[in-house]
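Next up is a structure, given as structure tokens.
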Amino acid sequence: MKNLLTDIAGVRVGHADNAALASGVTAVIFDKPAVASMDLRGGGPGTREVALLDLANTVERMDAIALSGGSAFGLEAGGGVQAWLAEQGRGFEVRGAIIPIVPGAVVFDLLNGGDKKWGRFAPYRELGYTAAAAAGTSFAQGSIGAGLGATTANFKGGVGSASATTPDGVRVAALAVVNAVGSVTVGDGPWFWAAPFETEAEFGGRGLPPSFTPDMLAMRLKGGPAATAVESTTLAVVVTDAVLTKPQARRLAMIAQTGFARAIYPVHAPLDGDVVFAAATGEKPIDPLVGLTELGMVAANVVARAIARGVYQATALPFPGALPAWGDRFGSRL
């Protein structure tokens, strides 16, 4: 186990980004189509093809997920991922036509200091293609891919990942792009809200503060009073090797979304576009009641850990007034 999303066999992750743009794309590629659904809780989402994941609709499996910066411009990243999959002959077949199924979601990073004057067409489609082509079983975390330009209320955000195994041997893993309107740390200190779920000091081992002061519990919002409903979002992809139906994948996404509340304060606000995609590769059968409940419980913990790791691993952007990284304030990371 590498404590990454790719601890689930048949899952690969690739990044592509542009330093001057201060934005990028992360692609999650499934070697075989995966049963999938999603849960959306934020008030300002930006999504692509998520209607296919509705339980009433026909398509049950997806080939990849495209996560991108760029707000609505970044939705084009899915087209780049789709183009790469089409070259591989991957997709949903309709009387001989092949259509790769690539849902996606975006975060808002247009005000982070990067040069967004890209001309007529935004670069996200090409970045999506590059990210898909680069996908492998090892990948970096922090300020990279869709998390390059991500921020939170007080520290630089980024991409984080974590994994775990249930007592029955079922694996579940998460990847998060952390661009929250709230804070992932307790106040402005070194402690992460997700500390109770940390394993092996994966985000510093600082635990929780000895006591909570009113200042720690005060609301911190990115942009302060000027915050708008389109500026922030945390995205997560949860994958398991369990055998799940589409409705069970939806339930997994719903339970896993509680991990956001364990790691971000406040969360699911009108200012966020929080989305969880859940996918199952179908290797290990589970009990549909107790087994699915336990899987969701562990998945929520894994999501919380992935969110904390995204901030812990981040590095500050090289622009005037950029938010500090956690490591800039509290020393080198382990």
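Looking only at residues that are of a type in the set (D, E, K, R) and part of a loop (DSSP other than H, G, I, E, B) in segment 255-306, which one is modelled with the lowest pLDDT?
Ranking the candidates gives Asp272 first.
So, in segment 34-44, exactly how many residues are more than 19 Å from Ile255 (Cα to Cα) and open to solvent by 60 Å² or more (accessible area, probe 1.4 Å)?
0
Using the structure shown, decide if Ala9 is among the small types (Gly, Ala, Ser), out of contact with any His (no Cβ under 6 Å at 6 or more places or on another chain) and at pLDDT 95 or above.
For Ala9, the condition - among the small types (Gly, Ala, Ser), out of contact with any His (no Cβ under 6 Å at 6 or more places or on another chain) and at pLDDT 95 or above - is met.
Is one or more of the residues making up segment 16-26 in a strand (DSSP E or B) and open to solvent by 40 Å² or more (accessible area, probe 1.4 Å)?
For segment 16-26, residues in a strand (DSSP E or B) and open to solvent by 40 Å² or more (accessible area, probe 1.4 Å): present.
Looking at Gly296, Gly273, Gly259 in this structure, which one is out of contact with any strand residue (DSSP E or B) (no Cβ under 7 Å at 6 or more places or on another chain), open to solvent by less than 10 Å² (accessible area, probe 1.4 Å), within 18 Å of Val177 (Cβ to Cβ) and in contact (Cβ under 8 Å) with a residue 40 or more places away in the chain?
Gly259
Can you tell me which condition Arg251 does not meet? The list is (1) under 19 Å from the mean Cα position of the chain (by Cα); (2) open to solvent by less than 70 Å² (accessible area, probe 1.4 Å), and all the others hold.
(2)
Does segment 57-64 contain any residue that is in contact (Cβ under 8 Å) with a residue 60 or more places away in the chain, crowded, with 19+ Cβ neighbours inside 10 Å, more than 12 Å from Pro103 (Cα to Cα) and in contact with an Asp or Glu (Cβ under 9 Å, 6 or more places away or on another chain)?
Within segment 57-64, none of the residues are in contact (Cβ under 8 Å) with a residue 60 or more places away in the chain, crowded, with 19+ Cβ neighbours inside 10 Å, more than 12 Å from Pro103 (Cα to Cα) and in contact with an Asp or Glu (Cβ under 9 Å, 6 or more places away or on another chain).
If you take the residues in segment 276-293 that are at negative phi and among the small types (Gly, Ala, Ser), which one is surrounded by the most Cβ atoms within 10 Å (Cβ to Cβ)?
Among those that are at negative phi and among the small types (Gly, Ala, Ser), it is Ala278.
Need pairs with beta-carbon distance below 9 Å; first residue under 23 Å from Ala146 (Cα atoms) and in contact (Cβ under 8 Å) with a residue 12 or more places away in the chain and within segment 87-105, second among the hydroxyl-bearing types (Ser, Thr, Tyr) and surrounded by 10 or more Cβ atoms within 10 Å (Cβ to Cβ); sequence gap 6+ or separate chains.
Listed pairs, sorted by first residue: Pro103/Thr47; Gly104/Thr47; Gly104/Ser68; Ala105/Thr47; Ala105/Ser68; Ala105/Thr233.
Which of the residues spanning segment 185-229 are outside any loop (DSSP other than H, G, I, E, B), open to solvent by less than 70 Å² (accessible area, probe 1.4 Å) and at pLDDT 95 or above?
Those that are outside any loop (DSSP other than H, G, I, E, B), open to solvent by less than 70 Å² (accessible area, probe 1.4 Å) and at pLDDT 95 or above: Thr185, Phe192, Ala195, Phe197.
So, in segment 1-15, exactly how many residues are over 30 Å from Trp118 (Cβ atoms), aliphatic (A, V, I, L, M) and crowded, with 20+ Cβ neighbours inside 10 Å?
Residues in segment 1-15 being over 30 Å from Trp118 (Cβ atoms), aliphatic (A, V, I, L, M) and crowded, with 20+ Cβ neighbours inside 10 Å: 3 in total.
The values are calculated or read from the model by the stated rules, or taken from the named source; none is laboratory data. Since the structure is predicted, the reported quantities are computational estimates derived from the model, not experimental observations. With ideal geometry, Cβ positions are generated from the backbone for all residues, glycine too; neighbour counts draw on all protein chains shown. The protein model used for the area step is the full one, side chains on, heavy atoms only, and it has no ligands, DNA or RNA in it. Shrake-Rupley method; radii C 1.70, N 1.55, O 1.52, S 1.80 Å.
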